[in-house]
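Written out below as structure tokens is the structure these notes cover.
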Amino acid sequence: MQINLQSAGDVRGCAILPNGKMMFCDNNNRNLIGLKSNGTHEFEIGLDTRAFDLAYFERENYIAVTSGYLGNMIYIIDPNSRTIKRTIQSSEHPYGIATNKNVLVYCKSGKGIMEVQLNGASEKPLVQFRMPSHSCVQMHGDNIYNTNRDKHSVTCYDIHRNLKWEFKDTQNLQHPQGISVDNNGNVYVVSMDTNSVVIITPDGKRCRAILSSRDGLYIPRGLHFKPTSNKLLVANKNKSAFLYDVS
């Protein structure tokens, strides 16, 4: 499916919800955009700051949205009532965000990968390093995956927060952004500067470009793989997105 995001500007994160609805972060217009499963526009939720990335928290049926470089906020949103339930204040800019069981995991500019409760309590560092801006994160099992646009790399850490592998291949991966993982541990990454989506093997040793500009990608930034339906959602910066079946 090709999706027209209409008036959206500078689309960043995206996600497919369990009911098939799709969500997008409209960074410039400070909105969270909700689409029905057939791709038609359903609603928008306005934010006080920019919208960089989002993650779905299944236990509470909430969506967490980060503000990125023009704010220090994480918004907790109820997609049913379409209201902001609460906000979490961060001491630095929050970028990529993911869920891990009962907690949120997010990229904190200059600090590393953090873990925080849904109510904002008990924030603690998972992996500490000088995190560049626009980094994204994903969880799969006990592994933490992170994109680094400055190094053009993807890293994987284990349950003990030790580095398992770091992947670099600037021929295929340049300025990585959105990241997701399938049930087999294959890592899907948006390569913004090559207008492609790259899949990295679970051991971090090999990669292959599976989508390119020939498939309509132009400055892609957001990506989300839904394992239960084998659907891959990819969002361009320029108001268009694509939903793929992955076999």
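The values are calculated or read from the model by the stated rules, or taken from the named source; none is laboratory data. Every value quoted in this text rests on a predicted model; they were computed, and no experiment measured them. Every residue, glycine as well, gets a Cβ built from its backbone with ideal geometry; the counts of neighbours run over all protein chains shown. The area values use the complete protein model at the heavy-atom level, side chains included, leaving out ligands, DNA and RNA. Shrake-Rupley method; radii C 1.70, N 1.55, O 1.52, S 1.80 Å.
Using 1/(1 + (r/R0)^6) with R0 = 22 angstrom and r between the beta carbons of GLN89 and ASN162, what's the FRET efficiency to the nearest 0.05? With a Förster radius of 22 Å, E is 0.15.
Annotation note: trypsin sites (Lys or Arg not before Pro) in region 67-131 located in DSSP loop regions with a Cβ neighbour count of at most 14 within 10 Å are ARG82, LYS101, ARG130. Taking a Cβ cut-off of under 9 Å around ARG12, the surrounding Lys, Arg, Asp and Glu residues balance to a net charge of 0, with basic ones at +1 and acidic ones at -1. Applying the criteria of a DSSP loop state and at most 15 other Cβ atoms within 10 Å to the trypsin sites (Lys or Arg not before Pro) of region 164-228 yields LYS205, ARG206.
Split the accessible area of the chain by element, probe 1.4 Å, and carbon with sulfur accounts for 40%. Coupling constants for region 187-204 follow from the phi torsions by the Karplus curve (6.51 cos²θ - 1.76 cosθ + 1.60, θ = phi - 60°), and in residue order they are 9, 9, 9, 7, 9, 5, 6, 9, 6, 8, 10, 10, 10, 10, 5, x, 8, x Hz; glycine and proline get x. Taken per residue, the accessible surface of region 73-120 reaches 39 Å², heavy atoms only and a 1.4 Å probe. With all protein chains kept in place, the per residue accessible area of region 185-247 amounts to 44 square angstrom at a probe of 1.4 angstrom.
Stokes-Einstein, applied to the Kirkwood radius of region 19-67 over Cα pairs at a viscosity of 1.567 mPa s and 4 °C, places its translational diffusion at 117 µm² s⁻¹. Sorted from greatest to least, the principal axis extents spanned by the alpha carbons of the chain come out as 44, 43, 31 Å.
Count Lys and Arg as plus one, Asp and Glu as minus one, and take only other residues whose Cβ is under 14 Å from that of ARG221; the net charge is then +1.
If you add up the charges near GLU115, with Lys and Arg at +1 and Asp and Glu at -1, over every other residue whose beta carbon is less than 13 angstrom from its beta carbon, what do you get? That sum, taken over residues with Cβ under 13 Å, equals +4. Normalising the average separation of contacting C-alpha pairs (under 8 angstrom, six or more residues apart) by the number of residues puts the relative contact order of the chain at 15 percent.
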